[in-house]
Amino acid sequence: MTALKGRDIEKFLSRPDIAAGLVLVYGPDTGLVSENAARLVRHFAGDPPDPESLSQLHMSEIEADPQRLGILARSPSLFGGQTTIRIRAATNKLAPTLVELLDEGAQSLFIVEGADLKPSDALRKQAEARKDSRALPCYADTGQTIDTLIRETFAQAGISLEADLAPMLRDMLGNDRQVTRSELQKLVLYAGEGGSLTREDVMRLCGDNAALAIDAVVDSIATGHARRFDEAMTRAASSGTDAQRLLIVSMQHFSRLRVMRAEIDAGASVEQILTRTTPRIHFSRKSSFEQQLRLWNDDGLAAACNRLASAILDSRKSGPLAPAIGRQALLAICMAAARR
(Lines give C-alpha, C1' and ligand atoms only; values in the text may rest on other atoms or scores of the structure.)
Protein backbone atom coordinates (compact mmCIF):
# COMPACT_ATOMS: atom_id res chain seq x y z
CA MET A 1 0.00 0.00 0.00
CA THR A 2 1.22 3.49 -0.84
CA ALA A 3 -1.43 5.56 0.96
CA LEU A 4 0.52 7.98 3.14
CA LYS A 5 -0.72 9.16 6.52
CA GLY A 6 0.23 11.59 9.25
CA ARG A 7 3.94 12.36 9.47
CA ASP A 8 4.68 10.24 6.40
CA ILE A 9 2.99 12.89 4.23
CA GLU A 10 5.28 15.68 5.40
CA LYS A 11 8.29 13.36 5.12
CA PHE A 12 7.37 12.55 1.53
CA LEU A 13 6.77 16.19 0.62
CA SER A 14 10.18 17.13 2.02
CA ARG A 15 11.98 14.27 0.28
CA PRO A 16 9.89 12.35 -2.29
CA ASP A 17 10.96 8.73 -2.68
CA ILE A 18 9.93 8.30 -6.32
CA ALA A 19 11.30 9.97 -9.47
CA ALA A 20 8.60 8.92 -11.93
CA GLY A 21 5.07 7.65 -11.57
CA LEU A 22 1.92 9.07 -10.02
CA VAL A 23 1.40 11.25 -6.96
CA LEU A 24 -2.28 11.76 -6.22
CA VAL A 25 -2.97 14.70 -3.90
CA TYR A 26 -6.61 14.70 -2.87
CA GLY A 27 -9.05 15.58 -0.10
CA PRO A 28 -11.73 18.00 1.07
CA ASP A 29 -9.27 20.83 1.85
CA THR A 30 -8.75 22.19 -1.66
CA GLY A 31 -6.34 24.82 -0.38
CA LEU A 32 -4.05 22.20 1.15
CA VAL A 33 -4.35 20.02 -1.98
CA SER A 34 -3.14 22.92 -4.13
CA GLU A 35 -0.37 23.84 -1.67
CA ASN A 36 1.03 20.30 -1.44
CA ALA A 37 0.87 19.84 -5.21
CA ALA A 38 2.78 23.11 -5.65
CA ARG A 39 5.46 21.91 -3.21
CA LEU A 40 5.95 18.80 -5.31
CA VAL A 41 6.13 20.85 -8.50
CA ARG A 42 8.88 23.02 -6.98
CA HIS A 43 10.82 19.92 -5.93
CA PHE A 44 10.69 18.19 -9.30
CA ALA A 45 10.55 21.12 -11.75
CA GLY A 46 12.44 23.81 -9.84
CA ASP A 47 11.54 27.08 -8.17
CA PRO A 48 10.52 28.83 -10.30
CA PRO A 49 9.53 25.82 -12.41
CA ASP A 50 11.41 25.17 -15.64
CA PRO A 51 8.78 25.59 -18.40
CA GLU A 52 10.62 23.04 -20.55
CA SER A 53 10.17 20.27 -17.97
CA LEU A 54 6.73 21.18 -16.58
CA SER A 55 3.33 20.82 -18.25
CA GLN A 56 0.10 21.83 -16.52
CA LEU A 57 -3.35 20.65 -17.55
CA HIS A 58 -6.88 21.00 -16.25
CA MET A 59 -9.17 17.97 -16.42
CA SER A 60 -11.46 19.89 -18.77
CA GLU A 61 -8.59 20.20 -21.29
CA ILE A 62 -7.98 16.45 -21.17
CA GLU A 63 -11.67 15.73 -21.66
CA ALA A 64 -11.77 18.11 -24.64
CA ASP A 65 -8.68 16.46 -26.20
CA PRO A 66 -8.24 12.87 -24.88
CA GLN A 67 -4.97 12.39 -26.78
CA ARG A 68 -3.23 15.41 -25.30
CA LEU A 69 -2.02 13.80 -22.07
CA GLY A 70 -0.61 10.79 -23.89
CA ILE A 71 1.30 12.98 -26.32
CA LEU A 72 2.81 15.03 -23.49
CA ALA A 73 3.82 11.97 -21.48
CA ARG A 74 5.36 10.15 -24.46
CA SER A 75 7.26 13.18 -25.81
CA PRO A 76 10.81 13.44 -24.46
CA SER A 77 11.99 16.75 -23.03
CA LEU A 78 13.90 18.90 -25.54
CA PHE A 79 16.84 19.12 -23.14
CA GLY A 80 16.57 15.65 -21.68
CA GLY A 81 15.59 14.78 -18.15
CA GLN A 82 12.25 14.04 -16.58
CA THR A 83 8.93 15.60 -17.52
CA THR A 84 6.59 16.70 -14.74
CA ILE A 85 2.89 16.88 -15.56
CA ARG A 86 0.50 18.57 -13.13
CA ILE A 87 -3.20 17.82 -13.60
CA ARG A 88 -5.82 19.86 -11.73
CA ALA A 89 -9.42 18.91 -10.85
CA ALA A 90 -8.86 15.27 -11.84
CA THR A 91 -11.79 12.85 -11.86
CA ASN A 92 -12.08 9.08 -12.10
CA LYS A 93 -12.24 9.40 -15.90
CA LEU A 94 -8.49 10.01 -15.80
CA ALA A 95 -7.68 6.63 -14.20
CA PRO A 96 -7.63 4.40 -17.34
CA THR A 97 -5.32 6.78 -19.23
CA LEU A 98 -2.95 7.08 -16.27
CA VAL A 99 -2.82 3.30 -15.80
CA GLU A 100 -2.01 2.85 -19.50
CA LEU A 101 0.81 5.39 -19.38
CA LEU A 102 2.25 4.01 -16.13
CA ASP A 103 2.14 0.45 -17.47
CA GLU A 104 4.08 1.63 -20.52
CA GLY A 105 6.78 2.89 -18.17
CA ALA A 106 6.41 6.54 -19.14
CA GLN A 107 9.31 8.51 -17.68
CA SER A 108 7.10 11.27 -16.35
CA LEU A 109 5.92 12.27 -12.93
CA PHE A 110 2.17 12.87 -12.81
CA ILE A 111 1.14 15.21 -9.99
CA VAL A 112 -2.62 14.84 -9.91
CA GLU A 113 -4.97 16.98 -7.81
CA GLY A 114 -8.30 15.39 -6.89
CA ALA A 115 -11.31 16.15 -4.76
CA ASP A 116 -12.50 14.22 -1.67
CA LEU A 117 -12.19 10.76 -3.22
CA LYS A 118 -13.71 7.65 -1.64
CA PRO A 119 -11.63 4.47 -1.21
CA SER A 120 -13.68 2.87 -4.00
CA ASP A 121 -12.94 5.65 -6.51
CA ALA A 122 -10.81 4.38 -9.39
CA LEU A 123 -8.25 7.17 -9.20
CA ARG A 124 -7.60 6.65 -5.49
CA LYS A 125 -7.59 2.84 -5.79
CA GLN A 126 -4.87 2.94 -8.43
CA ALA A 127 -2.73 5.44 -6.52
CA GLU A 128 -2.93 3.34 -3.35
CA ALA A 129 -2.35 -0.01 -5.07
CA ARG A 130 0.60 0.66 -7.38
CA LYS A 131 4.23 0.60 -6.26
CA ASP A 132 5.05 3.49 -8.58
CA SER A 133 2.35 5.71 -7.07
CA ARG A 134 1.68 7.60 -3.86
CA ALA A 135 -1.62 8.85 -2.43
CA LEU A 136 -1.51 11.97 -0.23
CA PRO A 137 -4.82 12.77 1.52
CA CYS A 138 -5.40 16.40 2.53
CA TYR A 139 -7.88 16.92 5.34
CA ALA A 140 -8.87 20.12 7.11
CA ASP A 141 -6.25 21.56 9.43
CA THR A 142 -6.43 20.71 13.12
CA GLY A 143 -5.62 23.13 15.91
CA GLN A 144 -2.15 21.62 16.14
CA THR A 145 -1.36 22.00 12.43
CA ILE A 146 -2.65 25.58 12.41
CA ASP A 147 -0.50 26.38 15.46
CA THR A 148 2.53 24.99 13.66
CA LEU A 149 1.75 26.93 10.50
CA ILE A 150 1.31 30.19 12.44
CA ARG A 151 4.53 29.68 14.36
CA GLU A 152 6.58 28.78 11.28
CA THR A 153 5.16 31.59 9.12
CA PHE A 154 5.96 34.35 11.60
CA ALA A 155 9.29 32.82 12.63
CA GLN A 156 10.47 32.84 9.01
CA ALA A 157 9.67 36.55 8.79
CA GLY A 158 11.13 37.30 12.24
CA ILE A 159 7.80 38.69 13.44
CA SER A 160 7.03 38.74 17.17
CA LEU A 161 3.51 38.27 18.52
CA GLU A 162 1.80 39.80 21.52
CA ALA A 163 1.17 37.32 24.36
CA ASP A 164 -1.73 34.89 23.73
CA LEU A 165 -2.12 36.18 20.16
CA ALA A 166 -1.38 32.84 18.48
CA PRO A 167 -4.36 31.00 20.08
CA MET A 168 -6.68 33.86 19.19
CA LEU A 169 -5.44 33.88 15.61
CA ARG A 170 -5.86 30.10 15.37
CA ASP A 171 -9.51 30.36 16.41
CA MET A 172 -10.16 33.14 13.90
CA LEU A 173 -8.54 31.44 10.91
CA GLY A 174 -10.66 28.29 10.72
CA ASN A 175 -9.27 25.18 9.04
CA ASP A 176 -9.08 25.81 5.30
CA ARG A 177 -5.41 25.95 4.32
CA GLN A 178 -5.85 28.36 1.42
CA VAL A 179 -7.74 30.87 3.56
CA THR A 180 -5.24 30.45 6.40
CA ARG A 181 -2.25 31.05 4.13
CA SER A 182 -3.88 34.14 2.64
CA GLU A 183 -4.63 35.66 6.05
CA LEU A 184 -1.15 34.90 7.40
CA GLN A 185 0.53 36.45 4.37
CA LYS A 186 -1.61 39.54 4.83
CA LEU A 187 -0.38 39.83 8.41
CA VAL A 188 3.24 39.27 7.36
CA LEU A 189 3.00 42.05 4.77
CA TYR A 190 1.43 44.37 7.34
CA ALA A 191 4.04 43.72 10.05
CA GLY A 192 7.03 43.58 7.71
CA GLU A 193 10.24 41.62 8.21
CA GLY A 194 11.26 41.70 11.86
CA GLY A 195 8.09 43.53 12.88
CA SER A 196 5.48 42.76 15.52
CA LEU A 197 1.72 42.17 15.74
CA THR A 198 -0.80 43.07 18.42
CA ARG A 199 -4.31 41.84 19.13
CA GLU A 200 -5.71 45.05 17.63
CA ASP A 201 -3.74 44.48 14.41
CA VAL A 202 -5.18 40.99 14.00
CA MET A 203 -8.72 42.10 14.82
CA ARG A 204 -8.51 44.91 12.31
CA LEU A 205 -7.01 42.84 9.49
CA CYS A 206 -8.58 39.40 9.96
CA GLY A 207 -11.63 39.81 12.16
CA ASP A 208 -15.23 39.65 10.97
CA ASN A 209 -16.11 43.22 11.89
CA ALA A 210 -19.86 42.57 12.01
CA ALA A 211 -19.48 39.50 14.23
CA LEU A 212 -17.08 41.30 16.55
CA ALA A 213 -19.45 44.25 16.83
CA ILE A 214 -22.36 41.97 17.73
CA ASP A 215 -20.28 40.20 20.39
CA ALA A 216 -19.46 43.60 21.87
CA VAL A 217 -23.15 44.56 21.99
CA VAL A 218 -24.17 41.28 23.61
CA ASP A 219 -21.41 41.32 26.22
CA SER A 220 -22.05 44.96 27.12
CA ILE A 221 -25.78 44.46 27.77
CA ALA A 222 -25.23 41.19 29.65
CA THR A 223 -22.69 42.83 31.97
CA GLY A 224 -24.62 46.09 32.40
CA HIS A 225 -22.14 48.53 30.81
CA ALA A 226 -24.27 51.29 29.28
CA ARG A 227 -21.36 53.29 27.86
CA ARG A 228 -19.84 50.23 26.21
CA PHE A 229 -23.30 49.36 24.89
CA ASP A 230 -23.61 52.77 23.22
CA GLU A 231 -20.16 52.45 21.63
CA ALA A 232 -20.84 48.88 20.52
CA MET A 233 -24.17 49.86 18.95
CA THR A 234 -22.41 52.58 16.97
CA ARG A 235 -19.83 50.07 15.67
CA ALA A 236 -22.56 47.55 14.85
CA ALA A 237 -24.47 50.14 12.85
CA SER A 238 -21.32 51.20 10.96
CA SER A 239 -20.63 47.56 10.02
CA GLY A 240 -24.13 47.23 8.53
CA THR A 241 -25.70 45.07 11.24
CA ASP A 242 -29.49 45.45 11.33
CA ALA A 243 -31.68 45.50 14.44
CA GLN A 244 -33.29 42.15 13.70
CA ARG A 245 -29.94 40.38 13.69
CA LEU A 246 -28.88 42.06 16.92
CA LEU A 247 -32.09 41.01 18.67
CA ILE A 248 -31.95 37.43 17.40
CA VAL A 249 -28.29 36.94 18.37
CA SER A 250 -28.96 38.50 21.78
CA MET A 251 -31.90 36.12 22.26
CA GLN A 252 -29.65 33.16 21.42
CA HIS A 253 -27.00 34.42 23.82
CA PHE A 254 -29.36 34.77 26.78
CA SER A 255 -30.92 31.38 26.02
CA ARG A 256 -27.43 29.90 26.10
CA LEU A 257 -26.69 31.65 29.40
CA ARG A 258 -29.89 30.17 30.82
CA VAL A 259 -28.76 26.64 29.93
CA MET A 260 -25.36 27.28 31.49
CA ARG A 261 -27.00 28.81 34.59
CA ALA A 262 -29.08 25.66 35.02
CA GLU A 263 -25.92 23.55 35.06
CA ILE A 264 -24.38 25.80 37.70
CA ASP A 265 -27.53 25.53 39.82
CA ALA A 266 -27.23 21.76 39.50
CA GLY A 267 -23.73 21.82 40.99
CA ALA A 268 -21.31 22.38 38.09
CA SER A 269 -18.57 24.99 38.38
CA VAL A 270 -18.32 27.97 36.05
CA GLU A 271 -14.90 26.81 34.86
CA GLN A 272 -16.23 23.35 33.98
CA ILE A 273 -19.07 24.82 31.96
CA LEU A 274 -16.90 27.31 30.07
CA THR A 275 -14.41 24.57 29.21
CA ARG A 276 -16.87 22.04 27.83
CA THR A 277 -19.57 24.24 26.28
CA THR A 278 -20.06 24.20 22.52
CA PRO A 279 -19.56 26.16 20.41
CA ARG A 280 -16.31 26.95 22.16
CA ILE A 281 -16.06 30.33 23.86
CA HIS A 282 -13.09 32.34 22.65
CA PHE A 283 -10.61 32.99 25.46
CA SER A 284 -10.96 36.76 24.99
CA ARG A 285 -14.64 36.51 26.08
CA LYS A 286 -14.28 34.04 28.96
CA SER A 287 -13.95 36.65 31.69
CA SER A 288 -17.08 38.38 30.39
CA PHE A 289 -19.00 35.09 30.43
CA GLU A 290 -17.85 34.46 34.00
CA GLN A 291 -19.15 37.87 35.04
CA GLN A 292 -22.46 37.33 33.25
CA LEU A 293 -23.03 33.98 34.94
CA ARG A 294 -22.37 35.57 38.31
CA LEU A 295 -24.79 38.43 37.64
CA TRP A 296 -27.79 36.58 36.27
CA ASN A 297 -30.08 34.00 37.86
CA ASP A 298 -32.63 31.92 35.99
CA ASP A 299 -35.54 34.29 36.65
CA GLY A 300 -33.61 37.25 35.31
CA LEU A 301 -32.48 35.36 32.22
CA ALA A 302 -36.03 34.18 31.57
CA ALA A 303 -37.28 37.77 31.77
CA ALA A 304 -34.54 38.94 29.38
CA CYS A 305 -35.47 36.22 26.88
CA ASN A 306 -39.15 37.22 27.07
CA ARG A 307 -38.27 40.89 26.53
CA LEU A 308 -36.15 40.02 23.50
CA ALA A 309 -38.81 37.72 22.03
CA SER A 310 -41.39 40.52 22.28
CA ALA A 311 -38.99 43.01 20.68
CA ILE A 312 -38.30 40.63 17.78
CA LEU A 313 -42.05 40.28 17.16
CA ASP A 314 -42.68 44.04 17.43
CA SER A 315 -39.78 44.90 15.12
CA ARG A 316 -41.13 42.54 12.46
CA LYS A 317 -44.53 44.22 12.62
CA SER A 318 -43.06 47.73 12.39
CA GLY A 319 -40.10 47.64 10.00
CA PRO A 320 -39.18 51.37 10.07
CA LEU A 321 -39.27 51.38 13.88
CA ALA A 322 -37.13 48.23 14.24
CA PRO A 323 -33.88 50.08 15.14
CA ALA A 324 -35.60 52.06 17.90
CA ILE A 325 -37.46 49.00 19.21
CA GLY A 326 -34.25 46.97 19.26
CA ARG A 327 -32.19 49.64 20.97
CA GLN A 328 -34.86 50.19 23.63
CA ALA A 329 -35.11 46.49 24.45
CA LEU A 330 -31.35 46.00 24.58
CA LEU A 331 -30.82 49.07 26.74
CA ALA A 332 -33.53 47.91 29.16
CA ILE A 333 -31.71 44.58 29.61
CA CYS A 334 -28.41 46.42 30.03
CA MET A 335 -29.95 48.51 32.82
CA ALA A 336 -31.37 45.37 34.46
CA ALA A 337 -27.86 43.88 34.51
CA ALA A 338 -26.40 47.10 35.95
CA ARG A 339 -28.83 46.91 38.89
CA ARG A 340 -27.72 43.40 39.82
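The values are calculated or read from the model by the stated rules, or taken from the named source; none is laboratory data. The shown structure was predicted, so the numbers you read here are calculated from the model rather than taken from an experiment. Here the Cβ positions follow ideal geometry from the backbone for every residue, glycine too, while neighbour counts run over all protein chains shown. Accessible surface areas use protein heavy atoms only, side chains included; no ligands, DNA or RNA. Shrake-Rupley method; radii C 1.70, N 1.55, O 1.52, S 1.80 Å.
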request  = For Thr142 paired with Glu200, estimate the spin-label separation in nm (one decimal), with each label point 7 Å from Cα along the Cα-to-Cβ line.
outcome  = 3.7
ask   = Add -39500 (n - 2.57) for each DSSP H run of 4 or more in the chain, then divide by its residues: what number comes out at 222 nm, to the nearest 500 deg cm²/dmol?
value = -19000 deg cm²/dmol
task = Among DSSP beta bridges whose residues both lie in the chain, state the antiparallel percentage, nearest 5.
result = 0
task = Search the structure for amide H atoms under 5 Å from the amide H of Gln56, placed 1.01 Å from N in the peptide plane, and list their residues when 5 or more places away or on another chain.
result = Arg86
Most mobile of Ala163, Ala303, Ala64 in a GNM of the chain (Cα contacts under 10 Å) = Ala64
message = Restricting to DSSP loop positions (anything but H, G, I, E, B) with no more than 16 other Cβ atoms inside 10 Å of their own Cβ, which trypsin sites (Lys or Arg not before Pro) remain in the range 124-211?
response = Lys131
query = Angle, helix 283-295 long axis vs. longest principal axis of the chain, Cα atoms, 0 to 90°, nearest 10?
reply = 30
ask   = Ignoring any ligand, DNA or RNA, what whole percent of the accessible area of the chain comes from carbon and sulfur when the probe is 1.4 angstrom?
value = 52
request  = Report, to the nearest 10°, how far helix 209-223 tilts away from the longest principal axis of the Cα atoms in the chain, using its own Cα long axis and a range of 0 to 90°.
outcome  = 30
inquiry  = Restricting to DSSP loop positions (anything but H, G, I, E, B) with no more than 15 other Cβ atoms inside 10 Å of their own Cβ, which GluC sites (Glu not before Pro) remain in the range 36-114?
reply    = Glu52, Glu104
query = About its Cα centre, what dipole magnitude does the chain give when the only charges are +1 on Lys and Arg Cβ and -1 on Asp and Glu Cβ, stated in debye to the nearest 20?
reply = 980
query = If each Cα of the range 181-340 is one equal point scatterer, what is log10 of I(q)/I(0) from the Debye formula at q = 0.18, 0.19, 0.20 Å⁻¹?
reply = -1.09, -1.17, -1.25
remark   = Taking placed amide H atoms and a strict 5 Å upper bound, the residues 5 or more places from Gly21 or on another chain that come that close are Ser108, Leu109, Phe110
Projected area, mean over directions - the chain, Cα convex hull, nm² = 23.3
ask   = Against the longest principal axis of the chain, how steep is helix 322-338, in degrees 0 to 90 to the nearest 10, with axes from Cα atoms?
value = 70
request  = Choose one answer from Thr91, Thr153, Thr275: the residue with the largest mean-square fluctuation in a GNM of the chain with alpha-carbon springs under 10 Å.
outcome  = Thr275
query = What are the semi-axes of the equivalent ellipsoid of the range 1-81, taken as the square roots of 5 times the eigenvalues of the Cα gyration tensor, listed largest first and rounded to whole Å?
reply = 23, 17, 13
request  = Taking the Cα centre of the range 221-310 as origin, sum charge times position over the Cβ atoms of Lys and Arg (+1) and Asp and Glu (-1), and report the length of that vector in debye to the nearest 20.
outcome  = 240
key: For Ser196, distant residues with modelled amide H under 5 Å away   = Ser160
request  = Excluding residues fewer than 8 places away in the same chain, name every one of the aspartates and glutamates whose C-alpha is closer than 17 Å to that of Lys118.
outcome  = Asp29, Glu128
task = Order the following by accessible area, largest value first: Glu200, Glu128, Glu263. Probe radius 1.4 Å; ligands, DNA and RNA are ignored.
result = Glu200, Glu263, Glu128
key: the range 97-157 versus the range 178-253: alpha-carbon centroid distance in Å   = 37
inquiry  = Just to be sure I understand the model, the point goes 7 Å from the Cα along the line to the Cβ. What's the resulting Glu263 to Asp242 distance in nm?
reply    = 3.3
inquiry  = Which one, Leu40, Phe283, Gly114, projects farthest toward the positive side of the charge dipole computed for the chain from Cβ point charges (K/R +1, D/E -1)?
reply    = Phe283
remark   = Sorting Tyr26, Tyr139 on solvent-accessible surface, 1.4 Å probe, most exposed first, gives Tyr139, Tyr26
query = Tell me, what ³J(HN,Hα) does each residue in the range 61-68 have, in order and in whole Hz, if you take phi through Karplus 6.51 cos²θ - 1.76 cosθ + 1.60 with θ = phi - 60° and put x for Gly and Pro?
reply = 5, 5, 5, 6, 9, x, 7, 4
key: Cα gyration tensor category, rounded, prolate or oblate, for the range 117-223 with a/c compared to 1.5   = oblate
